[in-house]
Amino acid sequence: MEPAGGCVLISCAAGSHVNAHEIAAVLVSERVVACVHVMPVESHYHWQGALHHEPEFLIQAKTTIGQVAAAEALIKRLHTYELPGIDVVPITGGSAEYLAWIAESVGPAGTRCTDPDCGRNDPKLA
């Protein structure tokens, strides 16, 4: 199904409050996403042959399809996990005004975070 207004929801869990907020702050400040919600969650999963049950912090970001590659690259660069789970889900409906705000709030595709150190040691995060 085609995303409404070209908008998507990106979800990813982080292992700490600090890492989740670092990722959120950089995604928004670099205008790769329009907004981010960070919520505490409990996760159950298999990893390296063992069953895990851990507290995590769910990151949900709203952006456009054109910014997905930049968002994924930033998340991977800033994330503390060896293999962060990054899900991209099309937003198939919603308020037309809100979807327009998402599209207006992000930079044009491919114009943000091209520097390999983008988001690292950002003074705004100190």
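Just for the stretch 82-101: of the residues that are more than 14 Å from the chain's Cα centre (by Cα) and touching a residue at least 24 places away in the same chain (Cβ under 8 Å), which one is farthest from Ala20 (Cα to Cα)? Walk me through how you get there before you give the answer.
Step one: of the stretch 82-101, the residues more than 14 Å from the chain's Cα centre (by Cα) are 82-83, 91-101.
Then keep just the ones that are touching a residue at least 24 places away in the same chain (Cβ under 8 Å); that gives 91-94, 96, 99-101.
Details: Ile91: 22, Thr92: 26, Gly93: 27, Gly94: 26, Ala96: 29, Leu99: 24, Ala100: 26, Trp101: 23 Å.
Ranking the candidates gives Ala96 first.
Of the residues Thr80, Thr92, which is hydroxyl-bearing (Ser, Thr, Tyr), at pLDDT below 95, loosely packed, with under 15 Cβ neighbours inside 10 Å and over 13 Å from Val33 (Cα atoms)? It is Thr92. So for the stretch 26-47 (the condition being touching a Pro at 6+ places or on another chain (Cβ under 7 Å) and under 17 Å from Ser105 (Cα atoms)), does at least one residue qualify? No, the conditions are met nowhere in the stretch 26-47. Within the stretch 25-48, residues that are free of Cβ contacts under 8 Å to residues at least 40 places away in the same chain and closer than 16 Å to Ile59 by Cα sit with their Cβ atoms under 9 Å from residues that are of a type in the set (S, T, N, Q) and part of a strand (DSSP E or B), at 6+ positions apart or across chains, in these pairs: Val36/Gln60; His37/Gln60; Val38/Gln60; Met39/Gln60.
For the stretch 53-69, give me each residue that is part of a helix (DSSP H, G or I) and over 10 Å from the mean Cα position of the chain (by Cα). Outline the logic, then answer.
So in the stretch 53-69, the residues part of a helix (DSSP H, G or I) come out as 65-69.
The answer is Ile65, Gly66, Gln67, Ala69.
For Ala34, indicate whether it is surrounded by 12 or more Cβ atoms within 10 Å (Cβ to Cβ) and closer than 16 Å to Leu78 by Cα. It is false that Ala34 is surrounded by 12 or more Cβ atoms within 10 Å (Cβ to Cβ) and closer than 16 Å to Leu78 by Cα.
Counting only residues that are hydroxyl-bearing (Ser, Thr, Tyr) and closer than 25 Å to Ala100 by Cα, which one in the stretch 1-52 is nearest to the chain's Cα centre (by Cα)? Reasoning before the result, please.
Our first condition is that a residue be hydroxyl-bearing (Ser, Thr, Tyr); within the stretch 1-52, this holds for 11, 16, 29, 43, 45.
Okay, now just the ones that are also closer than 25 Å to Ala100 by Cα, so 11, 29.
Details: Ser11: 6, Ser29: 12 Å.
Looking at residues that are hydroxyl-bearing (Ser, Thr, Tyr) and closer than 25 Å to Ala100 by Cα, I get Ser11.
Of all residues in the stretch 95-115, those that are over 20 Å from Leu78 (Cα atoms) and modelled with pLDDT of 90 or more total 11. Under the condition of being crowded, with 17+ Cβ neighbours inside 10 Å and part of a strand (DSSP E or B), the residues counted in the stretch 10-31 number 4.
The values are calculated or read from the model by the stated rules, or taken from the named source; none is laboratory data. Note that this is a predicted model, so its numbers are computed, not measured. Every residue, glycine among them, receives a Cβ derived from its backbone with ideal geometry; neighbour counts consider all protein chains shown.
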